[in-house]
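To start, the structure itself, in structure tokens.
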Amino acid sequence: MSNIPTKSIIVICPSDIVLGGLSEILKGSQAEEIIQLHRGDEILDYPKLSGHFLVIASPEELEKSSTLIRQILSSDGKVQFMNLQLELISTNTNLALNLYDSPALICYKANEILNSFPASQPKDTDTELTRREMEVLRLLTKGYSNKEIADQLFVSTHTVISHRKNISEKTGIKSASGMTMYAILKKIIDVNDIDTADLI
Amino acid sequence: MELFNENNKLASVIHKDHSLLPVINRLGIKLGFGDKTIQNICEEKGIDLNFFVETINVFHYEAYFPEKRLLDFSVSMVIEYLLKTHKYYIEYLIPENDRLIELFLMASPDESAENDLVRRFYTKFKEEFVIHMNFEERVMFPYILELNDALVNPVAYEAFHQKYPGYSIEGYEKEHSNMDDKMDDLKNIIIKYLPPNYDQNRGNAFLFNLFMFEKDLKNHSRIEDHILIPKVKQLEKVLLSHE
């Protein structure tokens, strides 16, 4: 799992106030790391960067140093640039950050780009239910509560809840009546054994 | 992806995201607007421009939710929008769903046991949903509007206090996630688990409608949970401070 590319943000701005503030806000985004630079060429101080990068800087700064940044960063991941507008502009655009954007909007715009980077390996979760999960499902479709199921299986309620969570994750079904439907369609239970009027 | 703004032509907005069609209807706009911008149209129809732009953006991008700006809108404006959404569900989307699910289930007559289950699941979901909307329209929205009135009108203030001595929206809040879950489950059951002995086109038509319904419903819940309810709590605090 160690070869999943990381997603980081590099913020470049000569002002410490803007740099610090923006980095603090971007901690709420999906970036795994945020690197602060006063000037684009300071990227040379970071020889071991890898993964995907979103670079946020003023249009002038990007013009000056985007070629250099691309050279340094583009070995194994993607690089995307985003303009940082420092004056108030009324038109909304997702392609640039504005100094006056709300924190939520800033993180949203950053996430849009971070999410467009190739996903870290798709999760290949096992979708087969275990025997224990089947048992829990069977009891669930009979209308038993978590506590009652726990008592019958001699486990804690906490364990039952965790089984239910796993069943939901594997099947994609969340509601109790949805699980009953699933159990019938998968022939885990017989439709005649349960009171469908009550349970679905 | 770009957010929409007041200078965009409404026609090009619709070309970019046609799922906004029912949303602009609810906001009071019918088609046939030529090349007018959002601003032109809102001015013409007397629609609050900011509310229009924010509403379509919130609907268009799930991740966009400028909470602070949204909290500026009046509760009556938000409720009017929500009521129009209910009307759209009751008068169009639900009957359309009913029609499409029947066409879909009728086209697979051999699997009557499975069909019965799907029908029952859907019917139960629908009933719960209608009860939920009725509750909001008959109990929750009137409470909010009366609360809003009480803040500006001394007569309404007295009436409000008599009617709701220990007022708090918290007693009225209902879980939305439950309905979202069931909607999701129904989609998953058809996509993943129902034996595919049915007419695929009919199945798809039902699913298309369900996806549309789901998107609309999620957006509706978001507006209630993150704009309306926080706003009401704010108003309740203001009222409390007057006492």
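The values are calculated or read from the model by the stated rules, or taken from the named source; none is laboratory data. Bear in mind that the values here come from a model prediction, so they are computed numbers and not experimental data. Positions of Cβ are generated from backbone atoms using ideal geometry, with glycine treated the same way; all protein chains shown enter the neighbour counts.
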Need at least 2 residues that are away from chain A (no Cβ under 12 Å) per element, so show me which helices (runs of 4 or more DSSP H) inside the range B:1-117 make the cut, counting only ones lying wholly within it. B:10-16, B:21-26, B:38-45, B:49-60, B:75-88, B:94-106
Would you please name the residue that is nearest to B:Lys68 (Cα to Cα), looking only at residues in the range B:202-242 that are buried (at least 17 other Cβ atoms within 10 Å of the Cβ) and aromatic (Phe, Trp, Tyr)? B:Phe213
Any hit, the range A:48-68, residues being of a type in the set (Phe, Trp, Tyr) and surrounded by fewer than 14 Cβ atoms within 10 Å (Cβ to Cβ): no
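Within the range A:51-83, track down each residue that is polar (S, T, N, Q) and either assigned to a helix (DSSP H, G or I) or touching a Leu at 6+ places or on another chain (Cβ under 8 Å) (or both).
The answer is A:Ser58, A:Ser65, A:Ser66, A:Thr67, A:Gln71, A:Gln80, A:Asn83.
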Just name the residue that is surrounded by the fewest Cβ atoms within 10 Å (Cβ to Cβ) out of those in the range A:129-177 that are of a type in the set (Asp, Glu) and away from chain B (no Cβ under 13 Å). A:Asp151
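Inspect the range A:71-78 for any residue being more than 14 Å from chain B (Cβ to nearest Cβ), in contact with a strand residue (DSSP E or B) (Cβ under 6 Å, 6 or more places away or on another chain), crowded, with 20+ Cβ neighbours inside 10 Å and at pLDDT 90 or above and give the result as yes or no.
no
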All but one of (1) at positive phi; (2) within 14 Å of chain B (Cβ to nearest Cβ); (3) touching a helix residue (DSSP H, G or I) at 6+ places or on another chain (Cβ under 8 Å); (4) of a type outside the set (A, V, I, L, M, F, W, C) hold for A:Lys187; which doesn't? (3)
The range A:37-57 - residue that is within 15 Å of A:Lys78 (Cα to Cα) and hydrophobic (A, V, I, L, M, F, W, C) and, of those, modelled with the lowest pLDDT: A:Leu49
Enumeration of residues in the range B:168-195 that are surrounded by 14 or more Cβ atoms within 10 Å (Cβ to Cβ) and aliphatic (A, V, I, L, M): B:Ile169, B:Met179, B:Met183, B:Leu186, B:Ile189, B:Ile190, B:Leu194
Just the residues that are of a type in the set (Lys, Arg) and either assigned to a helix (DSSP H, G or I) or touching a residue at least 60 places away in the same chain (Cβ under 8 Å) (or both), please, taken from the range A:4-50. A:Lys7
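Regarding B:Glu137, is this residue of a type in the set (Asp, Glu) and touching a residue at least 24 places away in the same chain (Cβ under 8 Å)? Before the answer, list the steps.
Details: of a type in the set (Asp, Glu): yes; touching a residue at least 24 places away in the same chain (Cβ under 8 Å): yes.
Criteria met by B:Glu137.
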Looking only at the range B:21-41, which residues are among the charged types (D, E, K, R) and more than 24 Å from the chain's Cα centre (by Cα)? B:Asp35, B:Lys36
Flag for B:Ile189 being in contact (Cβ under 8 Å) with a residue 60 or more places away in the chain and not small (Gly, Ala, Ser): yes
Can you tell me how many residues in the range B:127-156 are of a type in the set (Lys, Arg) and buried (at least 16 other Cβ atoms within 10 Å of the Cβ)? 0
